[in-house]
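Only one structure is covered here, and it is reproduced in the block below.
A short reminder: the numbers here are calculations on the coordinates, not readings from a lab. These numbers were taken from a predicted model, which means no experiment stands behind them. Cβ: placed from backbone, ideal geometry, glycine included. Neighbour counts: every protein chain shown.
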Amino acid sequence: MTSTTIDVAAARKHAEETVKRSGTSFAAGMAILPKKRREAMYAIYAFCREVDDIADNAGLSREERRRRLLGWRAEIDRLFDGRPQLPTGVALQEPVREFKLPKQEFLLLIEGMEMDADGPIVAPSMQTLFDYTRRVAGAVGMLSMPVFGAPRGDASEKFALSLGDALQLTNILRDVADDAGIGRLYLPAELLGRYGAPARAEEIVNANGVAEVARDLSAIATQKFSAARAALKSLDWRTVRPALLMMGVYETYLKKLETRGWTRIGEPIAMSKVEKILISARYALAPPLRS
């Protein structure tokens, strides 16, 4: 199959439906964008979703996950050569041209998925953890900023990468128990060792020291949110409103986790749809510039 046999309108519809099926919290941010930018974000999200689904597919062998991710590397090569073959690749073709999206960021995101596919990741070093967040979250931010219309430069990069780290660390802290259930443990080895917590996913939830590990990682996430907010002062916040919607929701998640307490790390927290809408609206209309 070549790009000439895939209707562009159908490819865009495929990307939009991928977003809708996912139920992602990012959908609200995408919805406020003008049509061309919104379609570009749908295509970027569809790419992220499809490679993530490969990495997380427990029904596939490690070799098959790796083979399929290699297939996506080949598709990115074809995309930048102007001849994508997959529906999401076709949906990405115009955004890549229009917004000059960097090929390296697509490849970095695939690298992050390969880290999970080759895993499970268990007690990575702090450096490896941030290599991972740079790939699975930072790359998404770096692809999104041109689509939002943010200027290229240090402020945009710092905002995207700091916010990506903050969002991913919040996900990690929220999902410790769920990740442990599938053999994953993203809490860094240095903190586990500092507090005498086990570097084993199956033992982490009720382990001594895990509350202290989570507390320290939460402090790092808070620092990353603050760094994103500092970078925002050098940007027109209206340009990055879709990202601010996510920032609001995830900062609230982190605060809820802290209020619940890290000694209860296995207990889930909840946020209603109405609460997410109200938080998103507040950040989209007037984002707080201080924590």
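Taking the Cα centre of region 120-291 as reference, the dipole from Cβ charges on Lys and Arg (+1) and Asp and Glu (-1) amounts to some 660 debye. Rounded to the nearest 20, the size of the Cβ-charge dipole of the chain about its Cα centre is 1080 debye, with Lys and Arg at +1 and Asp and Glu at -1.
Taking the Cα centre of region 1-102 as reference, the dipole from Cβ charges on Lys and Arg (+1) and Asp and Glu (-1) amounts to some 180 debye. Evaluated over region 120-291, the count of Lys pairs having alpha-carbon atoms less than 20 Å apart is 9 (only pairs 8 or more residues apart or interchain). Computed over the chain, relative contact order equals 18 percent, with contacts defined as Cα pairs under 8 Å that lie 6+ residues apart. Here region 48-82 and region 122-173 have alpha carbon centers that stand 20 Å from each other. The trypsin sites (Lys or Arg not before Pro) of region 159-263 that meet both conditions, a loop assignment by DSSP and at most 15 other Cβ atoms within 10 Å of the site Cβ, are 200, 233, 238. Could you tell me how many degrees, from 0 to 90 and to the nearest 10, lie between the Cα long axis of helix 139-148 and the main elongation axis, the longest principal axis, of the Cα atoms of the chain? Approximately 50 degrees, to the nearest ten. Each other residue within a Cβ distance under 10 Å of residue 180 adds +1 if Lys or Arg and -1 if Asp or Glu, for a net charge of -3.
Using the Cβ-Cβ distance between residue 21 and residue 177 with R0 set to 35 Å, the FRET efficiency from 1/(1 + (r/R0)^6) comes to roughly 0.90. Ordering 208, 265, 18 by the projection of their Cα atoms onto the charge dipole of the chain, which places +1 on the Cβ of Lys and Arg and -1 on the Cβ of Asp and Glu, puts 18 at the extreme positive end. Annotation: the residues 125, 22, sorted from fewest to most other C-beta atoms within 10 Å of their own C-beta, follow the order 125, 22.
How far, in nm, would the chain grow between residue 36 and residue 271 when pulled straight, counting 0.36 nm per residue and subtracting the alpha carbon separation? Intermediate values should be presented prior to the final figure.
Values: separation 235, 0.36 × 235 = 84.60 nm, distance 3.08 nm.
The residue 36-residue 271 span can extend by a further 81.5 nm.
A dipole drawn for the chain from +1 and -1 charges on Cβ atoms has a positive end, and of 173, 185, 226 the residue lying farthest that way is 226.
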